[in-house]
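Reviewing the structure listed below.
The values are calculated or read from the model by the stated rules, or taken from the named source; none is laboratory data. This is a predicted model, so every value here is computed, not measured. No Cβ is skipped: glycine too gets one built from the backbone with ideal geometry, and neighbour counts run over all protein chains shown. The protein model used for the area step is the full one, side chains on, heavy atoms only, and it has no ligands, DNA or RNA in it. Shrake-Rupley method; radii C 1.70, N 1.55, O 1.52, S 1.80 Å.
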Amino acid sequence: MKQKKKNEKKKAKRIRIIKVAAAAVIVLALLFVPVKKTGESGTVSYNAIMYKIVHFDEETMYGHFLMENTYFFPNSLKSAERLFDMELNGMEHEFDAVITEKFGTNVIVAPYERTLEAKYAKFINFALAGLSDEKAEPGDWVHIVYKGNLIPTNPAIINAVSWKKCEHKDYPEYANDNVFIDKEYAFSCDSLPFDIMRIEEIYSNCFFLSATWPAPYEIKINGTLPPFFNVGDYVSVTAENIIEGDDGGLRRVEGDMVTVCREYFTPIDDPLVCYKPVIYLYPTEETDVTVSLDLKGELTCTYPRYDNGWNVKAYPDGTLKDIRGTEYSYLYWEGETAFEPDMSKGFSVKGTDTASFLEDALSKLGLNRKEANEFIVFWLPLMEKNEYNIISFQEEKYTEAAKLNVSPSPDTVIRVFMTYQASDKPVSIEPQMLYSPERQGFTVVEWGGTEIRK
């Protein structure tokens with residue numbers, strides 16, 4: 001009997017321990033195991049009591065807001081909407097304006113017509129408390145930096161953090177308008193090819209932009225650039241009446257400015273950046289095609305815009321059209337990937353011999369003349385100036401890092417990805433065997449590359 005009671009006590013003790021352990025596991029799960037929640041706008045959060053990871057995907061008056069951040073207790077208890085407001089309230093914006101009134105400790109300004117602020121407010125009011133004394137009077141131009149959102153009252157209100165008097169620069173007029181694009185052979189576009197661009201030239205009636213990475217594009221935007229911008233600044237631009245044409249492999253794009261905003265952008269100088277992979281689709285008949293990427297990394301730029309993939313109508317000659325009927329020659333993407341290229345095999349090529357080497361190599365790898373021409377036009381200016389280039393074509397590692405999904409399934413897939421490294425002398429390297437499958441049926445072709453800098 002006593003032994004039975006002892007056994008029952010031990011059993012009861014084990015049950016209590018199990019209950020305590022189970023309760024502890026539940027508490028720890030609530031504290032640390034995140035639960036996924038998707039908002040209506042596209043923002044996704046992973047919520048636990050002690051922390052919250054939020055992938056913001058929101059539209060704002062300043063454009064598309066994409067960011068990821070981790071918040072720890074007690075901020076982890078706040079909703080994604082509240083955290084988004086916190087992020088917006090901490091962001092700085094800037095614009096030029098002319099002073100219309102100055103009274104007491106407040107100033108009312110009229111924003112420059114090409115700024116984003118002018119889209120939402122004819123007049124803007126802000127307090128001078130805590131700002132420098134600029135001795136600015138009505139009629140003077142000023143450059144204003146403010147934090148948080150513009151409140152669109154009448155007049156609108158901002159939280160200014162700095163201001164200074166500025167002068168409009170006296171730029172010459174661009175007088176070669178008729179030769180930039182042959183409008184007879186140009187086609188219309190819905191948007192500019194890049195989200196962020198670099199200012200290259202400024203004129204009184206237009207300015208020129210380039211991509212943030214090496215790309216054979218010249219972009220001309222008609223309109224007067226706000227005076228606080230300079231050559232070398234990074235900007236995002238919205239435009240209308242956009243046209244695009246080809247000039248021997250160089251793409252020329254022209255449009256009329258609607259808005260321009262400064263972008264605080266650091267150019268990527270990373271050996272694992274995939275520059276300009278482009279995808280060609282050649283079905284045997286007119287076909288609706290869906291293309292997506294499983295990328296071990298992050299897409300940094302796409303054209304047309306990548307929205308969980310591309311959906312296009314493809315034609316046997318390679319022409320692509322989106323749902324609006326806009327025509328494209330290929331699908332373009334750029335991204336940062338985690339793959340490490342294998343440079344154990346390849347070629348040591350003199351810079352001046354790069355063009356002839358690529359013509360031969362790309363033919364063996366399966367690119368047709370048009371595809372090879374576009375590859376060479378893109379990469380040759382970056383490679384032929386080097387004394388030597390150590391070149392290797394990646395296959396297995398690249399395709400593992402950037403898996404391509406195409407529906408309907410293609411009959412032939414050709415993916416060419418080049419890595420190269422500049423060298424001041426030739427090096428000994430085991431030659432790489434180059435080959436390609438024969439093109440049969442629905443064929444998908446992709447090419448891209450990256451420079452390894454060490």
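Residues with beta-carbon under 15 Å from that of I99, excluding I99: net charge, scoring Lys, Arg +1 and Asp, Glu -1? Net local charge, I99 excluded: -3. For the residue pairs K122/K321; K36/K296; K220/K321; K183/K403, alpha carbon separations beyond 30 Å are given by K122/K321; K183/K403. Taking every DSSP beta bridge that has both ends in the stretch 303-454, the antiparallel portion is near 60%. For the stretch 117-181, the relative contact order comes to 36 percent (Cα pairs under 8 Å, sequence separation of at least 6).
Using a ≥ b ≥ c from the Cα gyration tensor of the stretch 110-250 (square roots of the eigenvalues), is it rounded, prolate or oblate, where a/c under 1.5 gives rounded and otherwise the larger of a/b and b/c decides, a/b for prolate? Prolate shape, in that a/c is at least 1.5 and a/b is the bigger ratio. Note on A355 and V161: the model spin-label points, each 7 Å out from Cα along the C-beta direction, lie 5.0 nm apart.
Using Cα pairs under 8 angstrom and six or more residues apart, how large is the relative contact order of the chain, in percent? Spell out each step's value before the answer.
Working: 945 pairs, mean separation 44.1, N = 454.
Once normalised by length, the contact order is 10 percent.
Just the protein heavy atoms count here, and of the accessible area of the chain at 1.4 Å, carbon and sulfur take up 51 percent. Only one of (i) 34.9; (ii) 22.1; (iii) 29.1 was calculated from the structure for mean projected area of the Cα convex hull in nm², and its label is (i).
Where in the stretch 36-137 are there GluC sites (Glu not before Pro) that are in a DSSP coil and have at most 14 other Cβ atoms within 10 angstrom of their Cβ?
Values: sites: E40, E58, E59, E68, E81, E87, E92, E94, E101, E113, E117, E134; in loops: E40, E113, E134.
Sparse-neighbourhood loop GluC sites (Glu not before Pro): E40, E113.
Based on the Stokes-Einstein relation at 37 °C and a viscosity of 0.692 mPa s, and on the Kirkwood radius from alpha carbon pairs, the stretch 288-445 is assigned a translational diffusion coefficient of 192 µm²/s. Counting only protein heavy atoms and a 1.4 Å probe, the chain has 54 square angstrom of accessible area per residue. Going by a ≥ b ≥ c, the root eigenvalues of the Cα gyration tensor, does the stretch 354-451 fall in the rounded group (a/c under 1.5), the prolate group (a/b larger than b/c) or the oblate group? Verdict is prolate for the stretch 354-451.
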